[in-house]
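Visitor: I have a structure here, written as structure tokens, and I will follow up with some questions on it.
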Amino acid sequence: QNEYYINALNSNIADFEYWNDFYPIIYSANAAIAGLNSATTLTPAVRQQLTGEADFTRAFSYFYLVNLYGDVPLITATNYKINASLPRTPQADVWKQIIADLKDAQSKLNENYLDGTLLQTTTEKVRPTKWAATAILARAYLYMGDYADAYAQANTLISQGPFQLSPLSGSNEVFTKNSSEAIWQLQPINTGQNTEEAQTFVLSSAGPNLYSNTVWLSNSLVNSFEPGDQRYVNWVGSVTVGSITYNYPYKYKVNAYGSPVTEYEMVLRLAEQYLIRAEAQANGAGNGITGALSDLNVIRNRAGLSNYGGTTDAASLETAILQERKIEFFTEWGNRWLDLKRTNQLNSVMAVVTPEKGGTWNPDWQLYPLPLADLKADPLLVQNPGY
């Protein structure tokens with residue numbers, strides 16, 4: 001986030017933008033869907049699963065593109081000449097495609113986790129399933145303000161899915177590989193390494209440096225934990241260098257090169273679905289305020305906290321749920337940033353925290369800049385304001 005505080009993001013820098021990461025993935029998904037539709041040598045079950053995975057991958061990619069960039073070119077085919085000259089598509093149409101892809105994936109993907117053959121089940125939670133599609137669908141509906149459908153999807157996953165909240169300590173830690181809470185994880189691929197998160201976040205006794213360990217937790221976040229919160233105990237580490245104490249994310253703990261692989265990167269987990277269902281109910285879906293309180297307290301109680309004791313009108317409950325999301329999902333897939341954006345709180349929050357980092361907040365920075373190379377190649381593309 002430091003790039004936002006000092007406005008280091010610009011259209012010439014590739015390191016801080018995801019446009020060039022997601023569009024090749026989308027092209028591969030489009031090519032897979034086209035090829036699978038005409039395949040004649042695959043069994044129906046294999047073709048169905050692979051098509052569902054491609055649908056899921058495209059929807060997942062567009063979810064982050066539309067949230068990070070706003071209007072983006074909506075590409076669902078493989079003709080590169082046409083793709084290279086498309087304008088930006090209105091966000092509403094991109095969201096429609098995301099929903100359509102996720103519904104298709106949901107209908108095609110297996111409920112069970114499959115191995116590389118797609119014929120056998122496995123305990124490895126690294127291939128998308130029907131439940132992964134359901135999880136993203138619940139999130140997408142929440143972001144769109146469709147609380148009835150967000151509730152329905154989250155409720156189905158919680159009540160029918162084979163998942164359980166993991167304890168915050170012991171052998172079944174939340175972020176270990178194949179934990180009971182995991183809906184979808186990514187398996188490490190670098191030899192001798194567990195997760196990139198552990199490599200980046202876990203500080204040595206020397207503290208932060210300019211190369212591999214460049215970030216640490218803000219005092220604002222650290223001070224947001226309630227006394228006795230086991231998430232602070234288990235998910236926050238600290239080192240003291242001289243007179244300065246640096247708190248760092250400690251959800252992923254194994255950063256020693258050559259250690260056995262015991263942690264996978266968490267992409268989707270059950271706790272989010274409880275808080276999606278809670279927020280949807282606070283906004284009138286499902287069992288309303290009673291249901292929202294119940295789901296909020298499930299997450300609080302897992303963290304060792306007592307039941308929510310504040311006022312129970314809808315606005316107050318929604319504030320409490322967003323606070324719980326802040327504590328629960330810090331450093332996970334930009335959830336906090338996207339929560340502030342979708343609830344129209346980003347400008348008010350960043351106007352306070354940016355000066356603390358030595359910068360001045362500009363509301364234009366809610367969106368990433370489009371890459372300069374693509375703007376030059378496609379005259380129909382228009383840069384986001386402020387860049």
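The values are calculated or read from the model by the stated rules, or taken from the named source; none is laboratory data. Fair warning: this is a prediction, and the values are worked out from it, not measured in the lab. Backbone-built Cβ (ideal geometry, glycine too); neighbour counts: all protein chains shown. For the accessible areas, the whole protein counts, side chains as well, though only heavy atoms, and no ligand, DNA or RNA atoms are used. Shrake-Rupley method; radii C 1.70, N 1.55, O 1.52, S 1.80 Å.
Visitor: Which one of the conditions (1) over 30 Å from K341 (Cβ atoms); (2) modelled with pLDDT of 95 or more; (3) surrounded by fewer than 18 Cβ atoms within 10 Å (Cβ to Cβ) does N110 fail to meet, given that it meets all the rest?
Guide: N110 satisfies all of (1) over 30 Å from K341 (Cβ atoms); (2) modelled with pLDDT of 95 or more; (3) surrounded by fewer than 18 Cβ atoms within 10 Å (Cβ to Cβ) except (3).
Visitor: Mind listing just one residue for me: the one in segment 80-89 that is of a type in the set (S, T, N, Q) and not in a loop (DSSP other than H, G, I, E, B) and, of those, modelled with the highest pLDDT? Break it down into steps so the answer makes sense when it comes.
Guide: First, the residues of segment 80-89 that are of a type in the set (S, T, N, Q): 83, 85, 89.
Of the ones still in play, those that are also not in a loop (DSSP other than H, G, I, E, B) are 83, 89.
Numbers: N83: 92, T89: 98.
The residue in question is T89.
Visitor: Considering each residue of segment 93-137, count those that are touching a strand residue (DSSP E or B) at 6+ places or on another chain (Cβ under 8 Å) and either charged (D, E, K, R) or closer than 23 Å to Y264 by Cα (or both), and give that number.
Guide: Adding up the residues that qualify gives 16.
Visitor: For a quick check of your reading: which helices (runs of 4 or more DSSP H) sit entirely within segment 168-236 and have at least 1 residues that are closer than 22 Å to G258 by Cα?
Guide: Details: elements: 196-201, 219-222, 230-235.
Passing ranges, in order: 196-201.
Visitor: Looking only at segment 123-157, count how many residues are closer than 27 Å to G70 by Cα, open to solvent by less than 20 Å² (accessible area, probe 1.4 Å) and assigned to a loop (DSSP other than H, G, I, E, B).
Guide: Qualifying residue count for the region: 1.
Visitor: List the pairs whose first member sits in segment 19-32 and is farther than 13 Å from A84 by Cα and of a type in the set (F, W, Y), whose second member is open to solvent by less than 30 Å² (accessible area, probe 1.4 Å) and part of a helix (DSSP H, G or I), and whose Cβ atoms are under 8 Å apart, counting only residues at least 6 apart or on separate chains?
Guide: As it stands, the answer is W19/L65; W19/Y69; F22/S61; F22/Y62; F22/Y64; F22/L65, since those pairs meet every condition given.
Visitor: Can I ask one more? Return the total of residues in segment 331-363 being surrounded by fewer than 19 Cβ atoms within 10 Å (Cβ to Cβ) and among the aromatic types (F, W, Y).
Guide: The qualifying residues number 2.
Visitor: Under 6 Å by Cβ, and 6 or more places apart or on different chains, what pairs join a residue from segment 90-108 that is closer than 17 Å to Y64 by Cβ and part of a helix (DSSP H, G or I) with one that is open to solvent by less than 30 Å² (accessible area, probe 1.4 Å) and aromatic (F, W, Y)?
Guide: That search, which allows pairs on different chains as well, returns V94/Y62; I98/Y62; I98/F63; A105/F56.
Visitor: Go through I82, I75 for me and flag whichever is closer than 26 Å to Y143 by Cα and of a type in the set (A, V, I, L, M). Before the answer, list the steps.
Guide: Values: I82 fails: closer than 26 Å to Y143 by Cα.
Sole residue among the options that is closer than 26 Å to Y143 by Cα and of a type in the set (A, V, I, L, M): I75.
Visitor: From T121, T117, T129, grab the single residue that is of a type in the set (S, T, Y) and either touching a residue at least 40 places away in the same chain (Cβ under 8 Å) or closer than 30 Å to L380 by Cβ (or both). Even if it seems obvious, please write down each step before you answer.
Guide: Working: T121 fails: either touching a residue at least 40 places away in the same chain (Cβ under 8 Å) or closer than 30 Å to L380 by Cβ (or both); T117 fails: either touching a residue at least 40 places away in the same chain (Cβ under 8 Å) or closer than 30 Å to L380 by Cβ (or both).
Of the residues listed, the single one that is of a type in the set (S, T, Y) and either touching a residue at least 40 places away in the same chain (Cβ under 8 Å) or closer than 30 Å to L380 by Cβ (or both) is T129.
Visitor: Can you pull out every residue in segment 36-53 that is open to solvent by less than 40 Å² (accessible area, probe 1.4 Å) and either without any contact (Cβ under 8 Å) to a residue 40 or more places away in the chain or among the polar types (S, T, N, Q) (or both)?
Guide: Step one: of segment 36-53, the residues open to solvent by less than 40 Å² (accessible area, probe 1.4 Å) are 36, 39, 46, 49, 51-53.
Residues satisfying the conditions are L36, A39, Q49, T51.
Visitor: Say we look at segment 158-201 and pick out the residues that are over 16 Å from P128 (Cβ atoms) and aromatic (F, W, Y); which of these is least open to solvent (accessible area, probe 1.4 Å)?
Guide: Quick first cut of segment 158-201, residues over 16 Å from P128 (Cβ atoms) only: 158-160, 164-177, 179-181, 188-201.
Add one more test, that the residue is aromatic (F, W, Y), and what stays is 175, 201.
Working: F175: 1, F201: 41 Å².
Checked segment 158-201; the qualifying residue least open to solvent (accessible area, probe 1.4 Å) is F175.
Visitor: Taking segment 275-291, which residues are closer than 19 Å to A140 by Cα and part of a helix (DSSP H, G or I)? Don't jump to the end; show me each part of the working.
Guide: In the first step, residues of segment 275-291 are kept if they are closer than 19 Å to A140 by Cα; the result is 275-286.
Selection gives L275, I276, R277, A278, E279, A280, Q281, A282.
Visitor: If the requirement is being closer than 19 Å to D374 by Cα and either touching a Cys at 6+ places or on another chain (Cβ under 6 Å) or not hydrophobic (A, V, I, L, M, F, W, C) (or both), which of these qualifies: N20, N37, N112? Let's see the steps before the verdict.
Guide: On the way: N37 fails: closer than 19 Å to D374 by Cα; N112 fails: closer than 19 Å to D374 by Cα.
Result: N20 is the single residue among N20, N37, N112 that is closer than 19 Å to D374 by Cα and either touching a Cys at 6+ places or on another chain (Cβ under 6 Å) or not hydrophobic (A, V, I, L, M, F, W, C) (or both).
Visitor: Now a separate question. Does segment 80-101 contain at least one residue that is under 30 Å from V174 (Cβ atoms), touching a Leu at 6+ places or on another chain (Cβ under 8 Å) and open to solvent by 50 Å² or more (accessible area, probe 1.4 Å)?
Guide: Within segment 80-101 (the criterion being under 30 Å from V174 (Cβ atoms), touching a Leu at 6+ places or on another chain (Cβ under 8 Å) and open to solvent by 50 Å² or more (accessible area, probe 1.4 Å)), the answer is no, since none of the residues qualifies.
Visitor: I need a count of the residues in segment 364-386 that are open to solvent by 80 Å² or more (accessible area, probe 1.4 Å) and under 17 Å from Q91 (Cα atoms).
Guide: Just the residues of segment 364-386 that are open to solvent by 80 Å² or more (accessible area, probe 1.4 Å), to begin with: 376, 379-380, 382, 385.
Now drop any that are not under 17 Å from Q91 (Cα atoms), which leaves 380, 382, 385.
The number of residues fulfilling the criteria is 3.
Visitor: To continue, here is another question. Among A292, A315, which is the only one that is in contact with a Ser or Thr (Cβ under 9 Å, 6 or more places away or on another chain), of a type in the set (A, V, I, L, M) and at negative phi? Steps first, answer last, please.
Guide: Details: A315 fails: in contact with a Ser or Thr (Cβ under 9 Å, 6 or more places away or on another chain).
Exactly one of A292, A315 is in contact with a Ser or Thr (Cβ under 9 Å, 6 or more places away or on another chain), of a type in the set (A, V, I, L, M) and at negative phi, namely A292.
Visitor: Please give the number of the condition Y211 fails out of (1) open to solvent by 60 Å² or more (accessible area, probe 1.4 Å); (2) within 22 Å of the chain's Cα centre (by Cα); (3) aromatic (F, W, Y).
Guide: Condition not satisfied by Y211: (2).
Visitor: For segment 269-302, name all the residues that are open to solvent by 40 Å² or more (accessible area, probe 1.4 Å), within 17 Å of S316 (Cα to Cα) and touching a residue at least 60 places away in the same chain (Cβ under 8 Å).
Guide: Across segment 269-302, the qualifying residues are N283, G284.
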